[in-house]
Amino acid sequence: MTWSARTYSVFEQERTRPVRDLVAAIPTQTTRTAVDLGCGPGNSTEVLAARYPQAEVSGVDSSDDMVAAARQRLPGLAFELADIATWHATRPCDVILANASLQWLPDHATLYPRLVAQLAEGGSLAVQTPDNLEEPAHRLAREVAASGPWAHKIAGVRHPPRHEAAFYYQLLQPHCSTVDVWRTTYFHPLAGGPAAVVEWFKGSALRPFMAPLDETEKAAFLERYLAAVTEAYPALPNGTVLLPFPRLFIVATR
Ligand SMILES: C[S@@+](CC[C@H](N)C(=O)[O-])C[C@H]1O[C@@H](n2cnc3c(N)ncnc32)[C@H](O)[C@@H]1O
């Protein structure tokens, strides 16, 4: 299941807005090292580096394509091809940022405390994860997957489970001096209407559904998904769809 920096970056401005809100809320001031886990094409790393210009900022991602795009974008920073599940800091970090990446990993009960343990005293783990598994875009992907001739390949595809704010608060509070949790729904105006909603999710949530399909099946799946999305996300009179996108934010500071 590969990531495409080009497909992901089509909506870069909208996808980067939560990074700015997250990074602005990090209380850590003195920062020598900051790392961006699941850095993608470097858009989130760029925001991190702008907030901490004196710090040694680096990025980690498991996709060749994303790491190549990040290196091209920010040639002065270090980017490592690695899996967050097994990643270890070489020395304690002042800031660990993970924007829109940890939802792809299982077992948050183990993962989050393991990341906090890699912080220096006073350091912060700053995480944003989409909280949208029950939104129509996800629900319809599961329905279309289960109802077409491709069902034997993808009816069982599921994203790793997500948790409520209280789960993360209780998990991290014993290890931290403060745990700040909030949830925001962004309304992203997509000028391309329902087709743009499909393009958005092709770059992220639809990837596990599409990966096992051949090209003919992919086209048919997307056609049926677009029809369902068109009903669920009616366009405004000017053709724009306001895509509601709930996101959960956590800033946990040691
Ligand atoms: C939705 S993109 C987020 C990109 C960027 N952080 C942003 O804020 O827009 C998710 C990124 O996480 C990366 N990723 C997913 N699972 C990963 C893992 N287990 N280890 C490292 N990177 C991972 C993907 O390759 C992708 O670049």
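See the values below:
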quantity: Segments 231-238, 24-31, 112-119, 197-204 sorted - mean Cβ within 10 Å per residue, highest first; calculated: 197-204, 112-119, 24-31, 231-238
quantity: Amide H contacts of Asn99 (H built 1.01 Å from N, under 5 Å, at least 5 apart or other chain); calculated: Leu37, Gln128
quantity: Local electrostatic count, His88, Cβ distance below 14 Å [Lys/Arg +1, Asp/Glu -1]; calculated: 0
quantity: Furthest towards positive pole of dipole, Pro27, Pro136, Leu222, structure part segment 5-253, Cβ charges; calculated: Pro27
quantity: Extension reserve of the Ala117-Asn238 stretch, reckoned as 0.36 nm per residue once the Cα distance is removed; calculated: 38.6 nm
quantity: Total formal charge among the other residues, if their Cβ is under 11 angstrom from that of Leu37, Lys/Arg +1 and Asp/Glu -1; calculated: -4
quantity: Using a Förster distance of 25 Å, the FRET efficiency for Glu134-Glu215 (Cβ separation, nearest 0.05); calculated: 0.25
quantity: 0 to 90° range, to nearest 10: angle between helix 12-24 axis and the chain longest Cα axis; calculated: 30 degrees
quantity: Relative contact order for segment 24-125, counting Cα pairs under 8 Å that sit 6 or more residues apart, in percent; calculated: 31 percent
quantity: Cβ-based net charge around Glu134, under 11 Å, with every Lys or Arg adding one and every Asp or Glu removing one; calculated: +1
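Rule-based calculations on the coordinates, nothing more; no lab input. Only a predicted model underlies this, so the values are computations on that prediction, with no experimental measurement involved. Neighbour counts run over all protein chains shown; Cβ positions are idealised from the backbone, glycine included.
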